[in-house]
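Everything below concerns the one structure shown next.
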């Protein structure tokens with residue numbers, strides 16, 4: 001059993017170290033090695049009666065503990081002996097220090113108090129009926145959490161199961177998958193991966209996470225030399241920041257995380273006065289955090305197993321390949337088959353996933369045609385026609401493809417091959433994989449699954465083997481994505497924000513002039529919203545608020561025609577919907593007419609709204625983008641970026657990052673949009689100033705962190721991105737409601 005090789009800095013003895021938003025900037029250190037390798041284990045509620053369900057639990061925990069060399073103590077007030085062993089009446093009757101207490105009784109709180117008093121290190125609570133059942137259960141779980149907080153005891157559960165006490169095979173080679181689940185049943189297919197040769201080392205069933213949470217296990221598993229990947233089935237996270245810290249820790253350790261996260265349709269509960277509030281849903285933010293920290297998200301349990309196993313088993317690409325990936329290139333895949341149809345099908349799927357199918361070098365193609373008939377394609381995909389795999393030519397073909405400098409990964413789909421071809425082909429692929437650093441992925445497409453080539457040759461090797469084309473391509477994509485990510489990863493927690501920026505004082509003078517704060521949950525005027533942006537260095541257009549037709553004409557002339565005019569009112573949020581924004585006002589008379597029209601329309605459309613005048617602004621030009629801030633219940637402040645304008649909510653082409661994030665993260669946001677090509681300039685329109693956009697996103701992050709308790713939502717829509725900078729043409733700030 002490998003032990004942790006590195007531990008991050010720990011919170012101070014007085015409590016966790018927090019950033020300016022009140023969130024931790026370091027994970028707590030928990031000796032989970034003692035949990036998984038205890039020396040003294042107590043089973044409370046132990047039984048050997050055939051009529052009691054606790055009997056099977058008692059037996060399983062006992063076998064697991066004794067396999068680790070632990071001493072097992074039984075506790076049951078109604079028994080003096082269980083399974084021929086002495087049984088104590090109470091946990092406190094055991095004089096030896098306890099590493100782990102397994103609580104099998106239906107009312108665990110009194111036992112937890114005893115465990116705290118006995119100074120036990122860990123306890124597992126299997127009982128259900130806590131936070132998962134509603135308000136009544138939440139109250140009981142809160143009492144449990146209070147008990148835990150009163151001592152040094154760490155608790156797994158409640159509402160967990162026996163998965164932590166599974167016995168794993170120790171005869172399987174290679175790096176292992178460490179598994180975290182919030183449903184034992186959903187983790188079973190991953191555990192059963194051992195039956196097809198996939199090594200597992202641990203299983204952490206997190207349950208309700210009254211104390212120990214997924215983040216604790218991610219951190220621990222990432223520190224084990226044996227861990228090749230962490231596989232997760234997650235229904236909900238206890239704490240967004242600890243998830244970030246754990247994923248950051250894994251990224252620094254270069255350990256891949258693969259996750260199924262259910263709950264895609266849950267809606268966020270943030271306020272929705274601004275576009276960002278409408279577009280921020282809990283799942284959208286979770287997906288963004290996964291991208292931010294390189295977590296590979298999959299949907300199915302078969303995908304969870306296949307992708308995790310492929311990442312655990314495959315060596316990193318060459319440095320040259322990694323450099324290409326960092327420049328935005330796709331991973332280079334060579335498809336090799338015994339059928340032209342199979343090769344074409346797989347090639348389509350590879351290309352659709354964004355991977356590359358480069359032509360092999362002329363030298364490689366010449367060599368391949370020594371063994372493959374000249375009428376068959378050997379550029380990529382490589383079609384051998386079937387016959388060459390039967391004899392000495394097979395290894396030569398595979399060796400040549402793997403040696404080609406244009407190939408980073410060899411993918412061989414085998415669809416129901418005859419034993420006369422499949423057996424030898426699989427033997428040659430396995431032999432070649434053992435002599436190269438380039439991954440060799442094999443798809444065994446036969447629906448039968450009992451063929452010798454599959455059961456003996458492939459599954460008894462360390463070659464990543466798949467049953468479907470889809471999972472093989474998904475795993476190849478994840479392989480290249482993971483190594484692209486970790487090669488350029490920089491921890492955003494390297495320099496945590498502990499103090500507010502100088503801009504916060506200016507911002508607070510705008511939010512609460514003379515110390516008088518507007519009612520929370522209300523919107524600031526456009527002028528005050530923009531003043532807040534100015535405090536953080538975000539550029540604004542030339543503009544002036546006027547209160548008469550004559551002032552409008554003078555201001556427009558001074559600014560320079562054509563101008564933009566819009567009503568000024570904190571009570572009217574989306575002005576363009578009501579016709580209260582005029583673009584292209586061409587002269588002084590037009591400015592006067594527009595002013596009068598806007599006052600008339602505004603009074604009719606919103607008779608109770610307070611009108612503060614009309615804004616006259618220069619016509620700034622550029623690509624319409626939107627930048628926003630919202631508050632997420634799990635992660636706190638979130639920064640949004642997308643394509644802006646009046647259709648932002650219709651198109652929904654947005655992406656998110658959760659502070660802290662780096663310049664690299666902000667740059668990645670620009671490329672994650674479906675319409676990212678628009679930022680590069682299309683149909684004669686100049687490209688956006690990417691550097692200025694990244695700078696604006698970083699400034700918005702500073703604002704979001706500084707004012708996390710003050711601002712619920714902030715929208716800049718549009719943020720006009722021109723070739724030489726960005727300008728915030730409109731802004732809306734909604735104050736936090738407490």
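When each of the peptides 236-245, 539-548 is scored by the mean number of other C-beta atoms lying within 10 Å of its residues, the order from highest to lowest reads 236-245, 539-548.
Counting 0.36 nm for each residue step from residue 196 to residue 377 and taking away their Cα separation leaves a gain of 61.8 nm. When both the stretch 392-411 and the stretch 703-730 are represented by their alpha-carbon centers, they are found 52 Å apart. Mean residue ellipticity, 222 nm, helices only, the chain: the sum of -39500 (n - 2.57) across DSSP H runs of n ≥ 4, divided by residue count and rounded to 500, is -10500 deg cm²/dmol. For the chain, the relative contact order is 10 percent, taking Cα pairs closer than 8 Å that sit 6 or more residues apart in sequence and dividing their mean separation by the residue count. Each residue, residue 468 and residue 93, gets one label point 7 Å from its Cα in the Cβ direction; the gap between the two is 5.4 nm. Between residue 406 and residue 254, the modelled labels are 2.9 nm apart [label points 7 Å from Cα along Cα→Cβ]. For the stretch 99-190, the average shadow cast by the Cα convex hull is 7.1 nm², which is a quarter of the hull's surface.
Full extension of the chain segment joining residue 37 with residue 578 gains 188.1 nm, where the gain is 0.36 nm per residue of separation less the Cα-Cα distance. The reciprocal of the average 1/r between distinct C-alpha atoms defines the Kirkwood hydrodynamic radius, which for the stretch 507-649 equals 16.6 Å.
In angstrom, the C-alpha Rg and Dmax of the chain are 31.0, 102.
At a Förster radius of 25 Å, what calculated FRET efficiency corresponds to the Cβ-Cβ distance of residue 506 and residue 557, to the nearest 0.05? With R0 = 25 Å, the Cβ-Cβ based efficiency is 0.20. The angle between the Cα long axis of helix 282-292 and the longest principal axis of the Cα atoms of the chain comes to about 70 degrees, rounded to the nearest 10. Computed from Cα positions, the angle between helix 54-67 and the longest principal axis of the chain comes to roughly 80 degrees.
At a threshold of 8 angstrom on Cα-Cα distance, excluding pairs fewer than six apart, so keeping six or more, what relative contact order does the stretch 534-614 reach in percent? Dividing the mean separation by the residue count of the stretch 534-614 yields 38 percent. Taken as Cα centroids, the stretch 603-658 and the stretch 186-240 sit 40 Å apart, rounded to the nearest whole angstrom.
The stretch 631-729 gives an Rg/Rh value of 0.96, both radii derived from C-alpha positions and Rh following Kirkwood. The tail of the calculated P(r) for the stretch 307-442 beyond 18 Å holds 53 percent of all Cα-Cα pairs.
Taking the longest Cα principal axis of the chain as reference, the axis of helix 469-487 is set at about 70 degrees. For the peptides 137-146, 420-429, residues were scored by their other Cβ atoms within 10 Å and the scores averaged per peptide; the highest-first order is 420-429, 137-146. Put simply, the Cα atoms of the stretch 497-585 extend 47, 25, 23 Å along their principal axes, the longest span coming first. Extents of the stretch 583-661, taken as max minus min of Cα coordinates on every principal axis and listed largest first, are 49, 33, 23 Å. The overall shape of the stretch 461-519, judged from the alpha-carbon gyration tensor, is prolate: a/c is not under 1.5, and a/b is greater than b/c.
Measuring max minus min along each principal axis, the C-alpha atoms of the stretch 26-157 give extents of 42, 33, 23 Å (largest first). Considering all C-alpha pairs of the stretch 542-619, those separated by over 17 Å amount to 34%.
Dividing the mean sequence gap of close Cα pairs (under 8 Å, 6+ apart) by how many residues the stretch 610-738 holds gives a relative contact order of 30 percent. One chain, two ends: residue 51 and residue 672. Fully extended at 0.36 nm per residue, the span grows by 217.8 nm beyond their Cα-Cα distance. Diagonalising the gyration tensor over the Cα atoms of the stretch 688-738 and scaling each eigenvalue by 5 before taking the square root yields semi-axes of 24, 12, 5 Å, largest first. The calculated FRET efficiency for the pair residue 522 and residue 646, based on their C-beta separation and a Förster distance of 22 Å, comes to about 0.40.
Since every read-out is calculated from the coordinates, none of them should be taken as a lab result. Predicted model, so just to flag it, every value in this text is computed and none were measured. Cβ: placed from backbone, ideal geometry, glycine included. Neighbour counts: every protein chain shown.
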